[in-house]
Amino acid sequence: MNFRDRILPLLVVAVGAASGLTAQAGRPVESGEVAANAVTPPGNLDTALLGAEPPDLAPVAAAPPARRKSTSVTINLIHRMVERGLLPKEDADALIKDAEADAEAAREDATAARAAAQDAAASAQAARAWLNQAGAIPEPLPPAEDSMRITYIPETVKAQMREEIKQEVMDQARNERWAAPRQVPEWTTRIKLFGDIRLRYEGLNFPSGNDNTGAFPNFNAINTGAPFDVAGTVFSPQLNVDRTRNRFRVRARLGAEADLANGFSAGLRIGTGENNNPVTANQSLGLANQGQGGNFSKYAIWLDRAFLKYEVGGLPEKNFAATVGRFDNPFFATTMMWANDLGFDGALLQGRYKIAKGLTPFFAGGAFPVFNTDINYASNNPSKFKSTDKYLYGGQAGFDWKLHKDFNFKAAAGYYHFEGVQGKLSDPFVPLTAQDQGNTDNTRPSFAQNGNTYRPLRNILPTAANNFGTTNQYQFFGLASDFREFAVTGRLDYNRYEPCQVSLNGEYIKNLAFNQSAIEQVAVNNRGPETLGKVGRFAGGDTAWLVGLTVGRQKLDHLGAWNVGVNYRYVESDSLIDGFADSDFGAPLTGTNLKGYTLFGNLALSPRISVGLRWMSADAIAGPPYKSDVVQFDVNGSF
């Protein structure tokens with residue numbers, strides 16, 4: 001590497017370091033002096049470079065001629081390097097020429113920038129003058145005599161002013177929807193989606209001693225299928241009372257609520273289900289022989305809720321609402337009377353209004369169609385039968401009362417009048433086939449669980465066509481009792497140790513339409529053992545009650561939240577309609593005519609995930625012996 005290759009990189013570093021150096025303020029730079037500690041104002045260097053002229057270098061042997069001194073340290077440095085033979089004169093001339101060209105280009109850029117700024121200022125001034133002339137910008141008011149001009153604003157005040165202006169602009173942007181042009185459509189902001197998934201293991205266990213001799217006919221299977229020939233030689237469809245079963249079940253629901261403005265709203269929900277069973281949305285995994293599923297078949301989705309609502313008030317302590325369609329259970333009650341998944345069809349009025357400190361009365365009432373007669377009933381008769389529509393007219397009134405800072409009491413009384421649900425005996429006729437219909441066939445329940453007392457519906461004449469009553473006795477079965485239910489429900493909460501709450505709840509139900517002597521004459525089940533060859537006496541009843549205790553959090557809304565509880569129930573056969581009652585207690589013979597305990601516990605694994613364990617032990621009250629122990633383990637997720 002030659003001398004030039006070694007010195008040029010050093011020269012570049014030296015030029016860069018010296019580019020900001022000049023004479024100190026108030027002191028001229030002496031001849032041959034490099035002021036390393038002097039600071040040059042911006043622009044001086046370029047000007048100095050452009051004004052510098054390289055000196056003429058004499059031969060080394062001759063005395064150097066006098067050269068013009070420069071105010072640029074860089075130019076002087078280059079000259080001295082030439083004088084000392086460290087840099088050829090041709091290279092020095094090239095370096096100086098390049099520096100002058102760069103300075104000229106920088107000067108032209110600066111001139112153009114200043115011209116553009118002057119043009120912009122002139123345009124702004126003209127625009128302001130035009131706005132002033134048009135009256136768009138008011139003339140500034142003269143300062144008051146005691147006013148003070150502030151030339152400095154603290155940074156904290158500036159930050160506060162910026163934040164306030166930003167907030168005002170963002171509020172306007174949100175209201176006018178111009179700040180987020182890619183935002184979702186406006187209507188989506190009025191819709192709320194929600195849903196839940198529950199995975200369950202369920203074990204159905206039967207202690208020894210249950211009557212498995214044909215004492216538990218499946219009335220729901222008979223009434224929803226072909227009529228059963230009671231004169232035949234085969235058993236009717238029977239319920240399982242002696243073989244343990246294990247099943248895995250899933251319940252999935254997806255819903256939406258929409259705000260329709262001015263107090264109106266709408267709701268919609270779909271869900272799983274093995275069939276159109278009204279009291280549960282459970283789908284047994286792998287179910288095959290009862291409808292759907294098995295071999296990884298797909299499962300059906302059902303319309304579970306669909307309603308329109310109008311509300312006035314909309315506050316927890318002041319609200320009035322009218323709802324039509326299919327909606328959640330509107331009554332304050334336990335699952336003994338109304339199953340958790342049960343939905344109500346019809347029209348509903350609800351209201352609550354705080355009348356005193358801590359005291360808020362409420363009410364709910366409406367009309368709910370239970371069954372509507374088919375237009376073509378009877379389908380195989382030219383002349384049709386009259387309608388046998390069924391309705392529920394129900395109402396409830398109660399109150400929330402904060403008795404003390406640690407105690408809250410809620411109670412309600414309700415009356416539920418069922419019309420047309422009692423089975424009626426038909427006009428006399430002779431069914432020649434299973435397809436023939438009687439004029440009271442529609443009084444049988446379209447869905448039932450177990451426990452209610454049943455009676456035959458068809459008045460079949462004995463003729464030669466049926467071998468004088470010994471063959472072709474095709475029969476349906478209806479409810480032997482009418483139902484007008486009076487219910488009282490209450491709950492006392494103790495909150496001294498919040499968030500842990502202790503709750504005592506209870507419910508009492510009485511069927512005011514129950515007539516034991518009338519039922520005795522027609523009942524085909526819920527009887528005592530036969531004596532001396534005679535059918536046992538009717539042993540059903542009209543009363544139901546439940547009492548329970550729960551300790552823990554009401555809502556499992558954070559990790560570690562828990563609750564545990566126990567309850568005992570005693571539900572006589574005809575105290576309430578079994579088709580709307582709890583679908584888990586006493587399974588598979590759920591409904592009424594049961595007594596026993598329930599133990600449960602729940603634990604939150606996150607704000608949206610929880611697990612639960614429940615054990616239910618049930619015994620039959622009337623009729624043949626029956627016992628059931630049910631174990632359920634649930635994993636719940638919601639969103």
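The values are calculated or read from the model by the stated rules, or taken from the named source; none is laboratory data. Being a predicted model, the structure only gives us computed values, none of them experimental. Ideal geometry is used to build each Cβ from the backbone, glycine not excepted, and the neighbour counts take in all protein chains shown. Please note that ligands, DNA and RNA were not included when accessible areas were found on the heavy atoms of the full protein model with its side chains. Shrake-Rupley method; radii C 1.70, N 1.55, O 1.52, S 1.80 Å.
Please turn the phi angles of segment 420-425 into ³J(HN,Hα) values with the Karplus equation 6.51 cos²θ - 1.76 cosθ + 1.60 (θ = phi - 60°), one per residue in order, whole Hz, x for glycine and proline.
x, 8, 6, x, 10, 6
Compute, for Asp328, the solvent-accessible surface of its heavy atoms (probe 1.4 Å) with the complete set of protein chains present, and express it in square angstrom to the nearest 10.
Counting only protein heavy atoms, Asp328 exposes about 90 Å² to solvent.
Pick out, in residue order, every one of the GluC sites (Glu not before Pro) in segment 517-581 that is DSSP loop and has at most 11 other C-beta atoms within 10 Å; say none if there are none.
Within segment 517-581, the qualifying GluC sites (Glu not before Pro) (loop, at most 11 other Cβ atoms within 10 Å) are Glu530.
What does the charge add up to near Gly395, with Lys and Arg as +1, Asp and Glu as -1, over the other residues with Cβ less than 15 Å from its Cβ?
0
Round to a whole angstrom and tell me the spacing of the C-alpha centers of segment 434-475 and segment 74-111.
Segment 434-475 and segment 74-111 have Cα centres spaced 120 Å from each other.
Write out the trypsin sites (Lys or Arg not before Pro) in segment 70-112 meeting two conditions: DSSP loop, and at most 15 other Cβ atoms within 10 Å of their Cβ.
Passing sites in segment 70-112 are Arg84.
Would you list, by chain and number, the aspartates and glutamates whose Cα falls below 15 Å from the Cα of Lys386, excluding same-chain residues fewer than 8 positions away?
Asp374, Asp427, Asp441
Hand me the chymotrypsin sites (Phe, Trp or Tyr not before Pro) from segment 229-319 located in a DSSP loop with no more than 11 other Cβ atoms within 10 Å, in residue order please.
Phe235, Phe296
Please enumerate, by chain and number, the lysines with C-alpha under 22 Å from the C-alpha of Lys510, excluding those fewer than 8 residues away in the same chain.
By straight Cα distance, Lys510 reaches Lys390, Lys410, Lys595.
Tell me which of Tyr474, Leu556, Gln516 sits at the most positive position along the dipole axis of segment 442-579, charges placed on C-beta atoms (Lys, Arg +1; Asp, Glu -1).
Tyr474
For the pair Tyr377 and Trp562, how long in nm is the line joining their label points, each one 7 Å along Cα→Cβ?
Roughly 5.2 nm, to one decimal.
Can you give me the solvent accessible area of Arg253 with a 1.4 Å probe, rounded to the nearest 10 Å²?
40 Å²
Near the amide H of Gly478, under 5 Å away, which other amide H atoms are found, from residues 5 or more places off or on another chain, if H is placed in the peptide plane?
Hits under the 5 Å cutoff: Arg455, Leu457.
Taking a probe of 1.4 angstrom, what is the accessible area of Thr433 in Å², to the nearest 10?
60 Å²
Which peptide among 490-503, 371-384, 606-619 comes first, and what is the full order, when sorted by highest mean count of other Cβ atoms within 10 Å?
Per-residue mean Cβ counts within 10 Å order the peptides as 606-619, 490-503, 371-384.
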